[in-house]
Amino acid sequence: MAAGRCVQVGNPDRRLDAATLRDWAHTAVGDLITHTDEINQLNVFPVADSDTGTNMLFTMRSALAEANTEAASGEVARVAAALSSGALHGARGNSGVILSQILRGLADVTAAEEGTADPTVVDAALLGAGLRHGVELVITSMGGREVPGTIVSVLQAAAAAVEQCAARGGALAVAVT
């Protein structure tokens, strides 16, 4: 996304439904496998322990395994809850806990939307709310202390960008492709 505006990427008709959310998790695992060493070399707050990528990979694999059990349900809230639960149970290290809180943010807001017009699809506004809630959960899990220049800053920027695109009627494809 470019600063201050929404940029269309990918298929504008693609929607974040249960199958797409599960496919995203699968892609995330593949990308983490590819970039684990690179991520491990990053200086990550609060401790550069050289295992951030490994911890995120193990956490995301656990999330995906759980989501695979719910993917056929067709219910995005169930897949999001499964991702959250799997990540929480498989979380390794600080980075795994942070990842589990981000997924919990999405799970919480999709669960709150059940019974609305289309609970099987996440739109840009709902994704933005999920990211924002995830930011709050991460800050809480870190003792309520936000440290600028960390993953929290990145999460806040992502949430703000998705919320801005949603407010302007931007497509979800901007955020998920």
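The values are calculated or read from the model by the stated rules, or taken from the named source; none is laboratory data. These numbers were taken from a predicted model, which means no experiment stands behind them. When we count neighbours, we look across all protein chains shown, and the Cβ atoms used for this are built from the backbone with ideal geometry, even at glycine. We work out accessible area using only protein heavy atoms, side chains counted, and drop any ligands, DNA or RNA first. Shrake-Rupley method; radii C 1.70, N 1.55, O 1.52, S 1.80 Å.
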Practice task
Working carefully through the options Ser73, Ser95, Ser50, find the one that is surrounded by 21 or more Cβ atoms within 10 Å (Cβ to Cβ), more than 18 Å from His133 (Cβ to Cβ) and modelled with pLDDT under 90.
Solution key: Ser95
Completion exercise
Of Gly134, Gly128, the only residue that is within 17 Å of Leu106 (Cα to Cα), at pLDDT 80 or above and touching a Lys or Arg at 6+ places or on another chain (Cβ under 8 Å) is Gly134
Handout entry: Ala87 vs. criteria under 15 Å from the mean Cα position of the chain (by Cα) and open to solvent by less than 50 Å² (accessible area, probe 1.4 Å)
Key = yes
Handout entry: Breaking point among (1) at pLDDT below 90; (2) open to solvent by less than 60 Å² (accessible area, probe 1.4 Å), for Gly149
Key = (2)
